[in-house]
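Visitor: One structure, pasted below without further comment.
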Amino acid sequence: MREKPLDRIGDELARLRDDVMPKRSAPPAGFGIDEALVSRFADGELSGQPEAELAGQVARVLPCHWSQSNTYASLMTQVMDRLGGHRQLVTWLDRFPGLPRLTARLYVLMGLLDRYSEDRPVIEALRESRAKTPVPPGLQGHVVPDTGPDTGPDTLAGLSYEIEELLGDGEPRKAVDLARATADWLREVAPRAGELDHRYADLGEVLEHSEKDIEEAAAEL
């Protein structure tokens, strides 16, 4: 995973905070985490295939974490305590090919979308884009057609939520498609955001790195 996108998301991911999560139905049957694996992991005794198995379990239930039982919350707390936080959880998942790595890299992109969702230069650049193209390519059905004024903080955050929702529904390839379209749109307006505020001068580069990370992980599915 490239370091630049990871650096931009900070230490806490909004998508993993229970206090900002909407309520959804429970994840599909069969999703869960093995308590014995968590116990060994917390004690530093897990490695190899068993650790990869735990990473796969975490990746499958992570998008539905706020719908899980108190037992699940306790198990995830043990995993997080062992790793040290949200950022460390992402880097740990990235060590394991397939769904764990893809989940980690999608969460990095979601972190970027959440971070930039309320930034005025980014919002203004998105509004200008939608004044010309009300529905960006690949986002039909995901954004309401408009000419710009309705674009606001909920636009990117809403797309971030939809990516996570697709992961939670067991649709990783659809999540990748939406992530790609969203990142392409934001990368397209990045130069304009940089003109409005020099602090966003490398936004396009950060998004390009994130997209490449996701594409590489998606190829492993």
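Visitor: Determine if the stretch 164-171 includes at least one residue that is under 20 Å from the mean Cα position of the chain (by Cα) and closer than 18 Å to LEU6 by Cα.
Guide: For the stretch 164-171, residues under 20 Å from the mean Cα position of the chain (by Cα) and closer than 18 Å to LEU6 by Cα: present.
Visitor: Filter the stretch 172-185 down to residues that are over 16 Å from PRO137 (Cβ atoms) and under 12 Å from the mean Cα position of the chain (by Cα) and give me whichever is surrounded by the most Cβ atoms within 10 Å (Cβ to Cβ).
Guide: Within the stretch 172-185, the match that is surrounded by the most Cβ atoms within 10 Å (Cβ to Cβ) is ALA175.
Visitor: Would you confirm whether or not the stretch 197-206 contains a residue that is open to solvent by 20 Å² or more (accessible area, probe 1.4 Å), under 22 Å from PRO97 (Cβ atoms) and without any contact (Cβ under 8 Å) to a residue 24 or more places away in the chain?
Guide: Scanning the stretch 197-206, I find no residue that is open to solvent by 20 Å² or more (accessible area, probe 1.4 Å), under 22 Å from PRO97 (Cβ atoms) and without any contact (Cβ under 8 Å) to a residue 24 or more places away in the chain, so the answer is no.
Visitor: Only one of (1) at pLDDT 90 or above; (2) small (Gly, Ala, Ser); (3) under 19 Å from SER74 (Cα atoms) fails for ALA26. Which number is that?
Guide: For ALA26, the exception is condition (1).
Visitor: GLU188 fails exactly one of the following numbered conditions: (1) open to solvent by 30 Å² or more (accessible area, probe 1.4 Å); (2) in contact (Cβ under 8 Å) with a residue 40 or more places away in the chain; (3) closer than 15 Å to ALA104 by Cα. What is the number of that condition?
Guide: (3)
Visitor: For ALA193, only one of the following conditions fails: (1) open to solvent by less than 60 Å² (accessible area, probe 1.4 Å); (2) under 30 Å from VAL58 (Cβ atoms). What is its number?
Guide: That leaves (2) as the condition not met.
Visitor: Can you tell me which residue in the stretch 207-221 is surrounded by the most Cβ atoms within 10 Å (Cβ to Cβ), limited to those that are in a helix (DSSP H, G or I) and not charged (D, E, K, R)?
Guide: Looking at residues that are in a helix (DSSP H, G or I) and not charged (D, E, K, R), I get SER210.
Visitor: Still on this model: Only one of MET110, MET76 is in contact with a Leu (Cβ under 9 Å, 6 or more places away or on another chain), open to solvent by 10 Å² or more (accessible area, probe 1.4 Å) and in a helix (DSSP H, G or I). Can you tell me which?
Guide: Sole residue among the options that is in contact with a Leu (Cβ under 9 Å, 6 or more places away or on another chain), open to solvent by 10 Å² or more (accessible area, probe 1.4 Å) and in a helix (DSSP H, G or I): MET76.
Visitor: Check THR133 against each of (1) among the polar types (S, T, N, Q); (2) open to solvent by less than 50 Å² (accessible area, probe 1.4 Å); (3) more than 24 Å from ARG2 (Cα to Cα) and name the one condition it does not meet.
Guide: All conditions are met except number (2).
Visitor: Another question, then. When residues of the stretch 85-107 are filtered for being modelled with pLDDT under 95 and not in a helix (DSSP H, G or I), how many remain?
Guide: 1
The values are calculated or read from the model by the stated rules, or taken from the named source; none is laboratory data. Only a predicted model underlies this, so the values are computations on that prediction, with no experimental measurement involved. For neighbour counting, all protein chains shown are included, and Cβ atoms are generated from backbone atoms with ideal geometry for every residue, glycine included. Only protein heavy atoms, including side chains, enter the accessible area calculation; ligands, DNA and RNA are left aside. Shrake-Rupley method; radii C 1.70, N 1.55, O 1.52, S 1.80 Å.
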